[in-house]
Ligand SMILES: Nc1nc2c(ncn2[C@@H]2O[C@H](COP(=O)(O)OP(=O)(O)OP(=O)(O)O)[C@@H](O)[C@H]2O)c(=O)[nH]1
Ligand SMILES: [Mg+2]
């Protein structure tokens, strides 16, 4: 059977929800059932507002279609989750006729550098020449880590002095890419708490300087969110979007989370699209977001 990356990656989240569904009153579709379903969704990090909305939709569809038992309700829930996430399903838009620049931002340890390497690998497979920019000058080990990826990917990296200005590294990388005929620059940034004002200002500066290096850059600013984070992910998305023009999210570590609901809260509460999903530590473990595949992998419709 061909490998279904969604089914594999969402195994933990699916099992968590399945065990939660087992506590629902199996055949008695009624008020108690709806309340409990809402609680289950909230426990899965869906967020109260979105959970209420989802249950309301499932409920009216259930009435309309005369759904009677739990498997039928779960099928409706699947459909509603997919519909709810439909608008959030978008892909990266990188130009082919000019230098494409992607900047990766996010809190400490969310998966930025790993996602950058995976993205570089994907772009290389499309025949693009990709230059890496180590604009994480905060930790000496950060450039080393990116350097290891650059060697594995067989490409170059532009770096600066430890503690140097990350915006200068970003600027140099764009200049180097143009001079050396690269198609893309991927800019790695230091992890930062979204609550630290000066660090968020630094990010804003990197973005501004990239625009000065070449008009219209960066075309994509990806917010990398650790899918195991829970409700704090929404706060992060809001704060990073205030500082820079976030064009979409990458939900990293989807394979590690038992609570897939975070996707719904982030997209519904911030309006940000999900452009990529990380499903492991390997170079090929990066997939495009697919609302339907996600819903099907998350919700097991069999009687728990
Ligand atoms: N299972 C799994 N692990 C991941 C995924 N993405 C990243 N990781 C792991 O998460 C850890 C942190 O990843 P990094 O890429 O270093 O995170 P970062 O955001 O660059 O971290 P800082 O630069 O310190 O802020 C590493 O151990 C990665 O291997 C993923 O999709 N799945
Ligand atoms: Mg990093």
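Values in this text are rule-based calculations from the coordinates and carry no lab data. Treat the numbers as computed from the prediction; the structure is a model and nothing was measured. Note: ideal-geometry Cβ built from the backbone for every residue, glycine included; neighbour counts use all protein chains shown.
Structure above, values below:
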quantity	calculated
Max mean-square fluctuation residue, GNM over the chain, Cα-Cα springs under 10 Å, options 198, 232, 108	198
Solvent-free Debye scattering, log10 I(q)/I(0), computed from the Cα coordinates of region 2-101 at q = 0.10, 0.17 Å⁻¹	-0.36, -0.83
Förster radius 30 Å - calculated FRET efficiency between residue 83 and residue 31, Cβ distance, rounded to 0.05	0.80
Degrees between helix 11-21 axis and first principal axis of the chain (Cα, 0 to 90, nearest 10)	30
Separation of the residue 172 and residue 212 label points, Cα + 7 Å toward Cβ, nm	1.6
Computed label-point distance, nm, for sites residue 48 and residue 139 using a 7 Å Cα→Cβ extension	3.6
Length added when fully stretched, residue 15-residue 161, from 0.36 nm per residue minus Cα-Cα	47.9 nm
Residue 205-residue 72 pseudo-label distance in nm [points 7 Å out on the Cα-to-Cβ vector]	6.2
Cα centroid of region 140-203 to Cα centroid of region 204-274, whole Å	18
Cα-Cα separations in region 166-291 greater than 21 Å, expressed as whole percent	44
Value of [θ]222 nm, deg cm²/dmol, for the chain, DSSP H segments ≥ 4, -39500 (n - 2.57) each, nearest 500	-15500 deg cm²/dmol
The chain, relative contact order [Cα under 8 Å, separation at least 6], %	29
Packing rank of 53-59, 64-70, where each peptide gets the mean count of other beta carbons within 10 Å, highest leading	53-59, 64-70
Among 199, 272, 146, residue whose mean-square fluctuation peaks in a GNM of the chain (springs only between Cα atoms under 10 Å)	199
For q = 0.12, 0.32 Å⁻¹, Debye-computed log10 I/I(0) when each Cα of region 52-102 counts as one equal scatterer	-0.43, -1.18
For peptides 79-86, 93-100, 128-135, sequence by mean Cβ density within 10 Å, most packed first	128-135, 79-86, 93-100
Average Cα contact separation per residue, region 104-222, under 8 Å, 6 or more apart, as relative contact order %	34
Rounded to 10°, Cα long-axis angle of helix 232-243 versus longest principal axis of the chain	40
Largest to smallest principal axis extent of the C-alpha atoms in the chain, angstrom	67, 45, 33
Folded to 0 to 90 degrees: helix 70-85 orientation relative to the chain principal axis, Cα	30
Mean Cα-pair separation over length for region 5-88, i.e. relative contact order, pairs under 8 Å, 6 or more apart, %	25
